[in-house]
Every structure is written in structure tokens, then in C-alpha cells.
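All remarks here apply to the structure that follows.
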Amino acid sequence: QVQVVESGGGWVQAGGSLRLSCAASGSIFSISAMGWYRQAPGKQRELVAVITSSGTITYINSVKGRFASSRDNAKNSVYLQMNSLKPEDTAVYYCKVERLGVHYWGQGTQVTVSS
């Protein structure tokens, strides 16, 4: 089993920044992809950014140039630096960790961007 815990959400005005952190613990060997998803009220959960075990990063188009994800394999952690935040970035952000074909989700952290 893998436990996934996010932190760093909060409230910020448009144009501001927030940094999310996610740490995996438990059976952490053989973790492959680590990523961030978000779900706004009334919308489906969507991928924000994902980092493979080799370090390849993929972003959803709407956050390219504003968000940056990084990964620290020694700490089994992944981060999401969010800059130039917009009201449409408001959502619950979830961290997902993939290990041996099984996906583990965190509980989510709320990000609210006011205009």
C-alpha cells in the first residue's frame, strides 16, 4: 500500500502563487509516475501535470508557462509550483502516485483563486 498526502493549498488572489507538495509513504519502491490532477465544482477531474520515473513532464495546455512540477525521488515527493494563478484554476487538487499498475490518490487540497 502507498499513502499519499498533499499539502500547500489555500486562498490566493488572481496573479498570485501557491506551491503544492505531495509525499508518498509505505510501499514506495517501484513508484513510476507521480502527478497532479484537479477537479472543479461540477466538472470532471483533469490531469494538470505528470512526471514519469524518467523525469518526463507533461502539462495540460491551460497551465503551460504558469505551472511547474518537480519530483524528488529521494523523498518520494512531487511538487507543483503554480504562478500567475487565475480564478479558473480554482479546484481541489489531487496527487496521484502510480506503482506497479495501481494508482493511489491523496485526499486532495483546495486551491481557491479570487478575482
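The values are calculated or read from the model by the stated rules, or taken from the named source; none is laboratory data. Not measured: the values here are computed from a predicted model. All Cβ positions, glycine included, derive from the backbone under ideal geometry; neighbour counts span all protein chains shown. With ligands, DNA and RNA removed, areas are computed over all heavy atoms of the protein, side chains included. Shrake-Rupley method; radii C 1.70, N 1.55, O 1.52, S 1.80 Å.
Tell me whether region 90-110 contains one or more residues that are over 25 Å from Gly26 (Cβ atoms) and in contact with a helix residue (DSSP H, G or I) (Cβ under 9 Å, 6 or more places away or on another chain).
no
Restricting attention to region 61-79, does a residue exist that is in contact with a helix residue (DSSP H, G or I) (Cβ under 9 Å, 6 or more places away or on another chain) and either in a strand (DSSP E or B) or touching a residue at least 40 places away in the same chain (Cβ under 8 Å) (or both)?
Yes, region 61-79 contains at least one residue that is in contact with a helix residue (DSSP H, G or I) (Cβ under 9 Å, 6 or more places away or on another chain) and either in a strand (DSSP E or B) or touching a residue at least 40 places away in the same chain (Cβ under 8 Å) (or both).
Looking only at region 37-88, which residues are basic (Lys, Arg), surrounded by 14 or more Cβ atoms within 10 Å (Cβ to Cβ) and within 22 Å of Ser114 (Cα to Cα)?
Arg38, Arg45, Arg66, Lys86
Filter region 89-114 for residues that are outside any strand (DSSP E or B) and modelled with pLDDT under 95; which is surrounded by the most Cβ atoms within 10 Å (Cβ to Cβ)?
Among them, the one singled out is Leu100.
Considering only residues that are among the aliphatic types (A, V, I, L, M) and either open to solvent by less than 30 Å² (accessible area, probe 1.4 Å) or outside any loop (DSSP other than H, G, I, E, B) (or both), which ones fall in region 9-23?
Val12, Leu18, Leu20, Ala23
Can you list residue pairs whose Cβ atoms sit under 8 Å apart, with the first residue in region 40-51 being free of Cβ contacts under 8 Å to residues at least 40 places away in the same chain and closer than 12 Å to Asp89 by Cβ and the second being loosely packed, with under 14 Cβ neighbours inside 10 Å and of a type outside the set (Phe, Trp, Tyr)? Count only pairs 6 or more apart in sequence or on different chains.
none
Give region 12-41 a look and list any residue that's on the phi > 0 side of the Ramachandran plot and at pLDDT 95 or above, or say none.
Gly15
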